[in-house]
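Chemist: After the structure tokens below, expect a handful of questions from me.
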Amino acid sequence: MPETMRAIRLAGPVGPNGLTVSQVPIPDVGPGQALIRVMAFGVNESEVTSRKGQSGPDFSFPRILGIEAVGVVDAVGEGVDLDHGQKVATMMGGLGRAIDGSYAEYVGALSGDWTIPDFSPFTIPTGVRLTSYSGEAKDLPAAALAKYLRAIEADSLDIVVSDTYAGLEKVAEAQHDLESCHRPGKRVVVLAET
């Protein structure tokens, strides 16, 4: 395995054009962690806020943004019950805020219950615990949670993918498009398989 990877690492607040690709060390894998080769990730409003330097106290520069990713397990630390090559999804848990995130070829993530066999970023299986909500459970109104749970149970929750982008070089365009608010929906960056 190489020692470096391509990533978008920010040293401080920048505009979208400041999201440039550079070489950085591949994350170390500690106990309870997995190294994931990133296949795709979503671009989120919270990442725009972080890029601008307007995030909360759990965020600091330098940082690789990205709070979610889908990919393949490349290595595991002690105590992790995942297999090399297993398809996984990871989100939140400090990604892109307290620890480096998914705007990279690899991401180090905590192990947990967020793995789904045969996962595709374009389809979400019925009955799987996934979320795109960024607050705490106490912040989510009961009526809103009940609405989402009913939609999941009825297999009627539609995830609108507004645009897809190929490669890390397109993250700036994805963030620009998200900020312009011309089309609702998720912006997904797909990385080429290496």
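Chemist: Determine ³J(HN,Hα), in whole Hz, for all residues of the range 51-59 in sequence, where each value follows from phi through the Karplus function 6.51 cos²θ - 1.76 cosθ + 1.60 and θ = phi - 60°; x replaces Gly and Pro.
Modeler: 4, 7, x, 10, 7, x, x, 7, 10
Chemist: Highest mean first, how do 11-17, 29-35 rank when packing is the count of other Cβ atoms within 10 Å averaged over residues?
Modeler: Most protected by this proxy first, the peptides run 29-35, 11-17.
Chemist: Now for a different question. Name the GluC sites (Glu not before Pro) in the range 21-112 that are in a loop by DSSP and that have at most 15 other C-beta atoms within 10 Å, would you?
Modeler: Of the GluC sites (Glu not before Pro), the ones in loops of the range 21-112 whose Cβ has at most 15 other Cβ atoms within 10 Å are E78.
Chemist: Compute the distance in nm between two label points, each set 7 Å from the Cα along the Cα-to-Cβ direction, one at E3 and one at A151.
Modeler: 4.8
Chemist: Still on this structure, I have one more. With only alpha-carbon atoms in the gyration tensor, what are the semi-axes of the equivalent ellipsoid for the range 12-101, in Å, largest first?
Modeler: Calculated on Cα positions only, the semi-axes equal 25, 13, 12 Å.
Chemist: Once you place label points 7 Å from the Cα toward the Cβ at H176 and L82, how far apart are they in nm?
Modeler: About 3.3 nm, to one decimal.
Chemist: So who's got an amide H within less than 5 Å of the one on Q86, skipping anything under 5 residues away but keeping other chains? H placed 1.01 Å off N, in plane.
Modeler: It is V73, by chain and number.
Chemist: Trypsin sites (Lys or Arg not before Pro), restricted to the range 41-114: which are DSSP loop and have at most 15 other Cβ atoms within 10 Å?
Modeler: Qualifying residues, ordered by number: K52.
Values quoted throughout were computed directly from the atomic coordinates according to the rules given, and no laboratory measurement underlies them. What you see is a predicted model; the values in this text were computed from it and never measured. Cβ sites come from the backbone with ideal geometry, for glycine too, and all protein chains shown count toward neighbours.
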